[in-house]
Structure formats: structure tokens, C-alpha cells
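Novice: Right, I'll just put the structure down here and ask away after.
The values are calculated or read from the model by the stated rules, or taken from the named source; none is laboratory data. All values reported here derive from a predicted model rather than from experimental measurement. So basically every Cβ, Gly included, is an ideal-geometry build from the backbone, and we count neighbours across all protein chains shown.
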């Protein structure tokens, strides 16, 4: 299986196999050349392999004359926000986000912390693949300096949002369990919750990268968080992925709810304060259609990928956007998915409504979404299978915005190649879990039969 994935989202691979110092140093020089030896903000999640990656990338950046501002272990949104505040020429985050511990990756942003566009990503990859690096002589090499202010600055921006009322939240006296999976969120989310006046119970909040669970914060990985919410009679539980750009929720009933609800609930709250367009991906739940209709605003859908959502948000001046993975984008902070701001917004929503999280969820029309994946040997095979699906379903109502989405009454199924793992993802949604499962499983069986043919 080809474990090196290079996409618009960045680069990911398995440490010691496809993800190694030579690759990283070359991408360091390519990125330094791409931004023309400007200021680069560099940070990483807590994976033990991060230090190796940091040294390799740093050598490439210094070799091309970059001024590197090192933030150490930091969430991805914090790194991008600091790059914006410093008007940096670009930033690099060393993370594999929700991938297992054996993986690591690098995510690139261009000027002022803006995610790379597909065109910019293609330019960077062209420099990398064709060795178009511009290395500096001994007297023009770059430098590195440390910056330990990024976390406090991020928290300050969140607390100063016009719709965050710290005193109101303090008066609600919420008990919150936070599960950071020993990832980058450990350095910020417990502190943010305490500054919001919550009683905080920490789970996996040592940023040592020794993940106590799978870092993807989906319901099946959150059993321990559910147990602690129940044992502590907590009002809510939160969970991050490795780099804390995502947020998952466990209800007051100690039930891990679908990650789709993070964007749904946050959008409902933001639209109650400010009307405007909303952007979500093609594979995000139909609950977003309900939220948009409830507030009388347009909903736009894009391909999966934060960069795609951001581009559309900027084009239509959206007030909120995101993905069904638990990633929410708040333009007032920065154009990137931000698990910490999402956390604060959900807490504010609880304080204002005086409702429980399970009561807020019960007010939204119920759909069930199933997300599964099939491992594939190469990205080329994934492309071929997706093309075959488009032909197979040609006579149905299909949307080709992202892979192949087959749309039926009150249900849909989406087949698409992943940009972050060597898999094909199959998502389905319907009114009941049984129907969504049936749709997803039958589609997966068909794809597997094509692979065997």
C-alpha cells in the first residue's frame, strides 16, 4: 500500500516508511522557495515523531533564508491564527490530525495563515518534484526564534468575541469533561474552559503524544469519555483530535453524539446572532438544510476539505461554515476549523438557552449518518473506482461535486477518495440508522466486488 499521500491538504505518511527526514527537508526547501524566503510560523502537535519532523523541516527552511517563528506544541488553528497576526509569508503545521500514532504529516498555509488554494498547492508540489529550490549562501541563511504567546492570544480572541458572555457562563456553573487525547488541545482547552468559569475534569490532557484512544474523536472512540461524564454527572463532555481543529460532543446523558452536531449546533447559535450564508461540504448532514431554512439563509455545499469550504465562505461572505467531522470555521477568529472556538460557542449556547445539550439536540430533526471506509492499494485505483461509480449510477440523481453522491428522497450516499488516508470513504444518511447502514453497506459491498473483479 502506498502510504505517502500528497494532496491539497498537505503531506501525510507513516513514520519510518514514507514519512522521513529526506522528504521533510526537501519540502522545507520547497516551501521556503515558494514563499520567497519570508517569515514562516512553525508548530506541531504532540506526536513523538514531531521533533524529528521539526528538525528536518527547520533545516530546509533555514537553508532557503526563512525567518522561522517556532510555536512548539500548538493546535493547528492557533498556529494559523498566529501566522495571520504576524503577517507571515506562510506557516507549516506538523500534524497528522486524526490519523493513528504511526502517521505524521505537514500542512501548509500561505500568507497570513491562509490555507493553500489548489493552485498554490500545485505550485509548491511542482517546486518539490522538480527540485526548483532556491538555496541561500552562507551569509543569507535563515534564523529561528521561539514564541510562547500564541495560546494566550488565541484564548483572548475567543473571550473577546461579541457573543461570548463570560459572566453568564460562570453563573451557569457548568461541569465539563475535556478529552484532548494527549494531543495539542491539551495546552489550551482546559485553560480556556477554566477562564469561562467551568468546573473542568481533564482526560488525556498531557501533551506527550501517547494517544490513549484513536485520535479521531468519533463516537466509537469516546467510550471512556462517556463513562467519566456519567460518573461525574457532568453537563457535557468534549473531545479533540490530535491537533484540536475538531470538536466532538458527549451529552449530559453520557451519549457520544454524531460529530455532525458540532457544526449544526454552532450554526444554529451563530445564525441566531447574525444572519448570512452558511457553507458546508457535500457530505455534511441534511440537518444543515434544516438549520439554514430555520433562519432563512442560503446554504452552499462544496467538496470536502477546509480549503474548499474557506474559498466558498469568502466568496459568499458566509457567517459560518465547516464539515461534519466536527470542524467549524468562525470568520471572526480566522478562516480555519477551530475546535477551541467551537467549544466556547457550545458552552455559550448552553448558558443562554438554560437547556441541556441533549435537549438542544432533540429540537433538531433526526437523521442518521453512517461513515465507513475501504482501504485501497493506491490513489489511482481509488480514482478508477470512483469513475466506475459515476458510470454505474448515471441514470440516478447524482452530484459530482465531490466524488459521486447519489441523492434520493430523504437519503443519500456519497462515494469519494480520501485526501488524507489511502481509503475510499462511503457516507450515507437516512431517516433511520437501519436504512443508513443498509445504504452504506450495500454500496461498500458493490465497490469491493469491483476491486475483486
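Novice: Within region 88-109, restricting attention to residues that are within 26 Å of residue 48 (Cα to Cα) and part of a loop (DSSP other than H, G, I, E, B), which residue is farthest from the chain's Cα centre (by Cα)? Spell out how you get there, then give the answer.
Specialist: Initially, region 88-109 is screened for residues within 26 Å of residue 48 (Cα to Cα), giving 90-109.
Of the ones still in play, those that are also part of a loop (DSSP other than H, G, I, E, B) are 95-102.
On the way: 95: 11, 96: 10, 97: 7, 98: 8, 99: 11, 100: 15, 101: 17, 102: 19 Å.
Only one residue fits best here, namely 102.
Novice: Further question on the same structure: Identify all residues within region 248-295 that are in a loop (DSSP other than H, G, I, E, B), farther than 19 Å from residue 318 by Cβ and under 19 Å from the mean Cα position of the chain (by Cα); write none if there are none. Lay out the reasoning, then the answer.
Specialist: Within region 248-295, the subset in a loop (DSSP other than H, G, I, E, B) is 251-255, 257-259, 274-277, 282-286.
This time we only want the ones that are farther than 19 Å from residue 318 by Cβ, so: 251-255, 257-259.
Of everything in region 248-295, those that are in a loop (DSSP other than H, G, I, E, B), farther than 19 Å from residue 318 by Cβ and under 19 Å from the mean Cα position of the chain (by Cα) turn out to be 257, 258, 259.
Novice: Now for a separate question. Are any of the residues in region 183-206 assigned by TED's automatic domain parsing to the domain that holds residue 103, in contact with a helix residue (DSSP H, G or I) (Cβ under 8 Å, 6 or more places away or on another chain), modelled with pLDDT of 95 or more and in a strand (DSSP E or B)?
Specialist: Going through region 183-206, the residues assigned by TED's automatic domain parsing to the domain that holds residue 103 turn out to be none.
No, that holds for no residue.
Novice: For region 119-139, indicate whether the set of residues that are surrounded by fewer than 15 Cβ atoms within 10 Å (Cβ to Cβ), touching a helix residue (DSSP H, G or I) at 6+ places or on another chain (Cβ under 6 Å), in a loop (DSSP other than H, G, I, E, B) and touching a residue at least 12 places away in the same chain (Cβ under 8 Å) is non-empty.
Specialist: There is at least one residue in region 119-139 that is surrounded by fewer than 15 Cβ atoms within 10 Å (Cβ to Cβ), touching a helix residue (DSSP H, G or I) at 6+ places or on another chain (Cβ under 6 Å), in a loop (DSSP other than H, G, I, E, B) and touching a residue at least 12 places away in the same chain (Cβ under 8 Å).
Novice: Within region 402-446, take every residue that is more than 30 Å from residue 19 (Cβ to Cβ) and assigned to a loop (DSSP other than H, G, I, E, B) and give me the one that is farthest from the chain's Cα centre (by Cα).
Specialist: Looking at residues that are more than 30 Å from residue 19 (Cβ to Cβ) and assigned to a loop (DSSP other than H, G, I, E, B), I get 409.
Novice: Closer than 28 Å to residue 138 by Cα, at pLDDT 95 or above and part of a strand (DSSP E or B) - does that describe any residue in region 7-16? Step through it out loud before you land on a result.
Specialist: So in region 7-16, the residues closer than 28 Å to residue 138 by Cα come out as none.
Within region 7-16 (the criterion being closer than 28 Å to residue 138 by Cα, at pLDDT 95 or above and part of a strand (DSSP E or B)), the answer is no, since none of the residues qualifies.
Conditions tested, residue by residue: (1) modelled with pLDDT under 95; (2) within 22 Å of residue 245 (Cα to Cα); (3) touching a helix residue (DSSP H, G or I) at 6+ places or on another chain (Cβ under 7 Å).
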| residue | (1), (2), (3) |
| --- | --- |
| 95 | no, yes, yes |
| 104 | no, yes, yes |
| 116 | yes, yes, yes |
| 145 | no, no, no |
| 166 | no, no, yes |
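Novice: If you don't mind, another one. Tell me which of these residue 384 doesn't satisfy, since it passes every other one: (1) surrounded by fewer than 20 Cβ atoms within 10 Å (Cβ to Cβ); (2) assigned by TED's automatic domain parsing to the domain that holds residue 284; (3) touching a helix residue (DSSP H, G or I) at 6+ places or on another chain (Cβ under 9 Å); (4) part of a helix (DSSP H, G or I).
Specialist: All conditions pass for residue 384, except number (2).
Novice: Quick one: how many residues across region 39-69 are touching a helix residue (DSSP H, G or I) at 6+ places or on another chain (Cβ under 8 Å) and in a loop (DSSP other than H, G, I, E, B)?
Specialist: Count: 5.
Novice: Which residue out of 373, 354, 409, 431 is surrounded by fewer than 20 Cβ atoms within 10 Å (Cβ to Cβ) and closer than 16 Å to residue 260 by Cβ?
Specialist: Values: 373 fails: closer than 16 Å to residue 260 by Cβ; 354 fails: closer than 16 Å to residue 260 by Cβ; 409 fails: closer than 16 Å to residue 260 by Cβ.
Result of the check over 373, 354, 409, 431: 431.
Novice: Another one. Can you confirm whether region 238-252 contains a residue that is surrounded by fewer than 17 Cβ atoms within 10 Å (Cβ to Cβ) and either out of contact with any strand residue (DSSP E or B) (no Cβ under 7 Å at 6 or more places or on another chain) or modelled with pLDDT under 95 (or both)?
Specialist: no
Novice: Would you point out the residue of region 11-25, among those that are buried (at least 18 other Cβ atoms within 10 Å of the Cβ) and in contact with a helix residue (DSSP H, G or I) (Cβ under 7 Å, 6 or more places away or on another chain), that is nearest to residue 98 (Cα to Cα)?
Specialist: Looking only at region 11-25, we keep the residues that are buried (at least 18 other Cβ atoms within 10 Å of the Cβ), and these are 11-15, 19, 23-25.
Checking the rest, the ones that are also in contact with a helix residue (DSSP H, G or I) (Cβ under 7 Å, 6 or more places away or on another chain) come to 11, 24-25.
Details: 11: 14, 24: 20, 25: 24 Å.
Checking each candidate, the answer is 11.
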